[in-house]
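Report on the following structure.
Each value in this text was obtained by applying a stated rule to the coordinates, not by laboratory testing. The structure displayed is predicted, hence computed values, not measured ones. Neighbour counts are summed over all protein chains in view; Cβ atoms, including those assigned to glycine, are modelled from backbone coordinates with ideal geometry.
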Amino acid sequence: MREGARAVIGAVCSGFTELPAPPEGGSAADGPIGWPGYDDARARAAERTGEAESVVCGVGDFGGTAAVVIAWEFGFLGGSVGRRTGDRIEAAFTRARELRTPVVSMIATGGSRMQEGMAALSQLQRIARQAALMRDAGLPQIAVARDPTTGGGWATLGAGSDVTLALPGAQIGFAGSRVRPPGDTSAYTAESQLASGHVDQIVPAAELGERLGRWLSLLTGADGRPAAPPAALGSVDLPADGWAAVRAARAPTRPRAESYLDAYFDWREELGGDRCGGVDPGVRCGFGMRSGAAIAYAAQCGTATLPSGFRTAARLIRLADRLGIPVLTLVDTPGAANDPDAERSGAGAAIAEVFAAVAGARVPVTTLVIGEGGSGGALAFAHPGRTWVTPDSYFSVTSPEAATSILKRPSEEVPATANQLRLRPQDLVELGVARGIVGR
């Protein structure tokens, strides 16, 4: 038994005040295309659910953050979207912009309403327009994909929100259960969408209210100040030469991004992928709270960065910029993945996205190199004027091994080449690449 819209609202927020329904214009019998029995079907749905439409809209409090809520009532004609649904959703978004509040969409829908034909399908354009106006206003949108979230509900507010959460086991996909091709149905699940980078987190229903409160406080909690570079967690001794710097950065005991993020933030929440079908476990992106202020982060974790990792970082930086949230990037990669799969997945275009996101950001971006800074795959994450380095890091035009090969030198000259590249932390400060070396 699926929970009704009001039960869902009551479980995630407090102080809910329903918005008045927009006035209904005159309409022909049985809807815009005269579907036989449509008026009777609506009347039965209203009697069964106690609702006049497939969405309930209002304003609620999520742990101290007000937000406009749009909750689908699946019992009303399968949560389908028709013209009056579109009226309510448009009014809810308009009210959110008036109040300067986020929108939380609690979706459970089978798609557009067949009994209204193209008049129903065109509501997706109205919804997309309202979401675009929210983005222009710098206001965040969070979607919760309940069971099911299919059709236009997924292809607009579900997949198009800034952050997408999902309930465990929920059916999620553009194709509804009655129109899918026969065969494997595992792709149409919350778990599959998470693995493919289309959903950020799967959240049990019992934890959903708390998680929404955390996300809303992060997405509205910036104070405008640049992120301070984190303190060094590893060795504070500067390397004597270039090869020593490389070996220190590659040491298996050196602190990695996870340790830096845990030490830097009081708490944090993570985004789950690039929204293009990929997740890079070697890149962590999300938002964290530090001393009462929200900061976005994109962190490399020491592996070769995949195209999906670059796209996720670009997504994070663009979102933070739109919401006015300062960004912290942590650089630690031997370089961008350059195997055939990476090239086929658009490595160059993905790296270009991050360069462009950093270069175009209006919010301050702070960078700390915490390990290996390998070529353009590392530089894409770095801000040209606000980059710091740790004592156990290096930054280089390419790896010493690659440079030796490019210069057609014998492999035994790798250490000497590292020395010539001037890649040590102190060299980077002298060259003007880094502003300074952080201490503990």
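Remarks
- Amide H partners (placed H, <5 Å) of Val369, local residues excluded: Val331, Trp388, Val389, Thr390
- Label-reachable residues, the stretch 304-329, where backbone N falls under 19 Å from a point 7 Å from Glu401's Cα toward its Cβ: 304-306
- Extension gain, Ser186 back to Ala7 (0.36 nm per residue minus Cα-Cα distance, nm): 61.6 nm
- Three-way shape call for the stretch 241-399 based on the alpha-carbon gyration tensor, with the a/c threshold at 1.5: oblate
- For the chain, the ratio of Cα radius of gyration to the globular rule of thumb 2.2 N^0.38 Å stands at 1.13.
- The stretch 381-408-the stretch 242-289 distance, computed between alpha-carbon centres (Å): 17 Å
- Working note: 222 nm ellipticity from helices only, DSSP H runs with n ≥ 4, each -39,500 (n - 2.57), summed and divided by the residues of the chain, gives -10000 deg cm²/dmol to the nearest 500.
- Helix axis angle, 83-99 relative to the chain longest principal axis, alpha carbon, degrees: 50 degrees
- The stretch 208-236 and the stretch 82-143 have Cα centres separated by 29 Å.
- Here the Karplus curve 6.51 cos²θ - 1.76 cosθ + 1.60, taken at θ = phi - 60°, turns the phi angles of the stretch 7-24 into couplings of 5, 5, 4, x, 7, 10, 9, 10, x, 5, 10, 6, 7, x, 5, x, x, 8 Hz, with x standing for Gly and Pro.
- Here the Karplus relation 6.51 cos²θ - 1.76 cosθ + 1.60, evaluated at θ = phi - 60°, turns the backbone of the stretch 199-208 into coupling constants of 10, 7, 8, 9, 10, x, 4, 5, 9, 5 Hz, with x for every Gly and Pro.
- Considering the stretch 224-313 at the alpha-carbon level, its Rg and Dmax are found to be 15.0, 44 Å.
- Distant-in-sequence amide H partners of Arg290 (H built 1.01 Å from N, under 5 Å): Asp266, Ile295
- Point-to-point label distance, Ala251-Glu207, nm (Cα→Cβ direction, 7 Å offset): 3.5 nm
- Whether the stretch 85-165 is rounded, prolate or oblate, judged on the alpha carbon gyration tensor where a/c under 1.5 counts as rounded: oblate
- Angle between the chain longest axis and helix 38-49 axis [Cα atoms, degrees, rounded to 10]: 70 degrees
- When the stretch 329-440 is described by a simple charge dipole with +1 on each Lys and Arg Cβ and -1 on each Asp and Glu Cβ, the residue from Thr366, Leu421, Thr404 located farthest towards its positive end is Thr366.
- In order through the stretch 317-327: 3J(HN,Hα) via Karplus (6.51 cos²θ - 1.76 cosθ + 1.60), integer Hz, x for Gly, Pro: 5, 5, 5, 4, 5, 5, 8, x, 9, x, 10
- Potential lengthening of the chain between Glu343 and Ala175 amounts to 57.5 nm, from the contour at 0.36 nm per residue minus the alpha-carbon distance.
- The stretch 291-440: relative contact order in percent, alpha carbon pairs under 8 Å with at least 6 residues between: 21 percent
- Length-normalised contact order for the stretch 21-82 - Cα pairs under 8 Å, 6+ apart - percent: 27 percent
- Seen through its C-alpha gyration tensor, with square-root eigenvalues sorted a ≥ b ≥ c, the stretch 118-168 comes out oblate because a/c lies at 1.5 or above while a/b is not bigger than b/c.
- Annotation: amide H of Val81 within the under-5 Å range of Gly111, Ser112, Arg113, sequence separation 5 or more or interchain, hydrogens built in the peptide plane.
- Shape descriptor for the stretch 144-272: Rg over Rh equals 1.16 (Cα atoms; Rh from the Kirkwood inverse mean 1/r).
- Near-label residues of the stretch 68-107 by backbone N, under 19 Å of a point 7 Å along Cα→Cβ of Trp35: 72-89
- Working from Cα pairs under 8 Å separated by at least six residues, relative contact order for the chain is 11 percent.
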